[in-house]
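For reference, the structure is listed below as structure tokens.
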Amino acid sequence: MSLSKFSGSLFLVLAVGSLSCGNAKAATPPAPDFSGLWQLNDAQSDGAADINKRYHAEKKHEESPSAHSSSDNGSAPSTVGDLLGGQGGGHHGGGGGGHGGGSNHDYEESHSFDKNKGAKDPTPPLFADDALLNIQQRTADMQVDFNNTDRLDTKFDNITRPSLNGTAQIQTQVSSDGMHLTMQFSDGSRLEQDWAKSADGQHLTVTETWTPVDLKQPIVFKRVYDQLGAQ
């Protein structure tokens, strides 16, 4: 082969290779830039009352099969108070026994009420501090400050890493449409977020899928933000 033909073939190979690389890069466009200050739009976002309602509805739904199952298993009383009350009612001559059973039952209900009165509904991770997001995004990673309290650091390589001061393992995927974050917390809860910007770039919608430790099915809600300083 002559030198001129060899040079021509080499140029063709390099040109094809360069074109292939260019096509590969074009197939994975960068994610939208979420940098800036974002303030929660309460009117367009799901609030605590909405989330609690969905949480209790799902909890009731998941607990109902076991409740029906236990009630169908037999005639055994469900509480000590029921047992004592039943025995007292069966002895017509022992009014004191029946009264005693009722007192125990009343005490148990009262004690249970007092014990549950201080219980608080669980809230999604980061929910209490997400009214203001300060986002610094670069080509390969992103940093999010939540109300200047919690800080989330993540890389766009789909590799799971610790973040939020070691309280969660976070994985992030980006696309031309937005970003998907998966967070597994040390308490066993899980949170997934899908980020998307509006067409004008001034609004951010975060759709959140939260699985508390005591539920099998997740609770889905959204938080909407307006960019501060946007024209």
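So that you can scan it fast, the table gives a plain yes or no per residue for (1) of a type outside the set (S, T, N, Q); (2) at pLDDT below 95:
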{"position": "Ala119", "(1), (2)": "yes, yes"}
{"position": "Pro124", "(1), (2)": "yes, no"}
{"position": "Phe185", "(1), (2)": "yes, no"}
{"position": "Thr205", "(1), (2)": "no, no"}
{"position": "Glu208", "(1), (2)": "yes, no"}
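Quick check: anything in the range 200-212 of a type in the set (D, E, K, R) and open to solvent by less than 20 Å² (accessible area, probe 1.4 Å)? Among the residues of the range 200-212, at least one is of a type in the set (D, E, K, R) and open to solvent by less than 20 Å² (accessible area, probe 1.4 Å), which makes the answer yes.
Contact map, the range 195-218: residues that are under 13 Å from His180 (Cα atoms) and aromatic (Phe, Trp, Tyr) paired with residues that are open to solvent by less than 40 Å² (accessible area, probe 1.4 Å) and not in a loop (DSSP other than H, G, I, E, B), Cβ distance under 7 Å, separation 6+ or inter-chain. Pairs shown: Trp195/Met179; Trp195/Leu204; Trp195/Val206. Once the range 167-179 is narrowed to residues that are farther than 24 Å from Asp121 by Cα and surrounded by fewer than 17 Cβ atoms within 10 Å (Cβ to Cβ), the residue that is modelled with the highest pLDDT is Gln173. Restricting to the range 213-231, and then to whatever is open to solvent by less than 60 Å² (accessible area, probe 1.4 Å) and either more than 23 Å from Phe146 (Cα to Cα) or assigned to a loop (DSSP other than H, G, I, E, B) (or both), can you tell me which residue is modelled with the lowest pLDDT? So the residue we want is Ala230. Taking the criterion of being open to solvent by 60 Å² or more (accessible area, probe 1.4 Å) and more than 24 Å from Asn41 (Cα to Cα), the residues of the range 128-152 that qualify are Arg138, Thr139, Ala140.
The values are calculated or read from the model by the stated rules, or taken from the named source; none is laboratory data. Predicted, not measured: the structure shown is a model, and the values here were computed from it. Glycine gets a Cβ as well: all are built from the backbone with ideal geometry, and neighbour counts include every protein chain shown. The protein model used for the area step is the full one, side chains on, heavy atoms only, and it has no ligands, DNA or RNA in it. Shrake-Rupley method; radii C 1.70, N 1.55, O 1.52, S 1.80 Å.
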